[in-house]
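Notes follow once the structure below has been shown.
Here, each number is a calculation from the coordinates, and none is a lab measurement. Just so you know, these numbers come straight off a predicted model, no measurement behind them. With ideal geometry, Cβ positions are generated from the backbone for all residues, glycine too; neighbour counts draw on all protein chains shown.
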Amino acid sequence: MDIQAILAHLPHRYPFLLVDRVIECELGKSIHAYKNVTVNEQFFTGHFPHHPVMPGVLIMEALAQAAGILSFKTMNTKPDANSVFYFAGIDNARFKKPVMPGDQLHLHVEILRQIRSMWKYKAVARVDGEVAAEAELMCAQHILAG
């Protein structure tokens, strides 16, 4: 998926869009996407400017966005103004390697289970084949009153 398809499957926009390309997506199972991490990212100006490191919460967000694409594609739908997906939990999060400008952050997410509006995923972020971060993510769909 190129950036136009990603924009169609996520409600996020600059500066909070954290997925640049989807390499592989197996509906109902898994996704492999990536984010090119550049020195121009807004968060680097304040997150250790003398030694820029991508914040761990943004790595988790990038994984969640990849999970969102997988979920929307699995449901054969796109985001709309009537609902939103929220983080419901992050379990067993581990940060193993700093993510720096110039890195390509590979986002690997697999669906563990889906019950009604709740989704649980196994998520791993890698740089150069090494695990940078991993967690189990949970997201819930919330229907907006309107």
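If I model a spin label as a point 7 Å beyond the Cα along the Cα-Cβ vector, how far apart are those points for I3 and I23 in nm?
Between I3 and I23, the simple spin-label model gives 2.0 nm.
Taking every alpha carbon pair in region 29-98, what does the distance histogram look like in 5 angstrom bins from 0, in percent?
Per 5 Å bin, starting at 0, the Cα pair percentages come out as 3, 12, 21, 20, 17, 14, 8, 3, 1.
With equal scatterers on the alpha carbons only and no solvent term, can you work out the Debye log10 of I(q)/I(0) for region 71-119 at 0.25, 0.32 1/Å?
-1.16, -1.43
Hey, what did the chain get for relative contact order, percent, Cα under 8 Å, at least 6 apart?
Computed value for the chain: 26 percent relative contact order.
For region 3-143, restrict the atom set to alpha-carbon positions and state the Rg and Dmax in Å.
Using the Cα atoms of region 3-143, the pair Rg, Dmax is 14.5, 46 Å.
Let me have the 222 nm mean residue ellipticity of the chain computed from DSSP H runs of 4+ only, each contributing -39500 (n - 2.57), with the sum over all residues rounded to the nearest 500.
One gets -5500 deg cm²/dmol as the mean residue ellipticity at 222 nm.
Quick one: longest stretch of the chain between exposed loop trypsin sites (Lys or Arg not before Pro), exposed meaning at most 14 other C-beta atoms within 10 Å and loop per DSSP?
Longest site-free region, per DSSP loop and neighbour criteria: 30-95.
Cross-link candidates for K96: which aspartates and glutamates have Cα within less than 14 Å, leaving aside residues fewer than 8 places away along the same chain?
D128, E130, E134
Taking 0.36 nm per intervening residue step and subtracting the Cα-Cα distance, what contour gain separates T77 from H50 on full extension?
Working it through step by step, the gained length comes to 5.4 nm.
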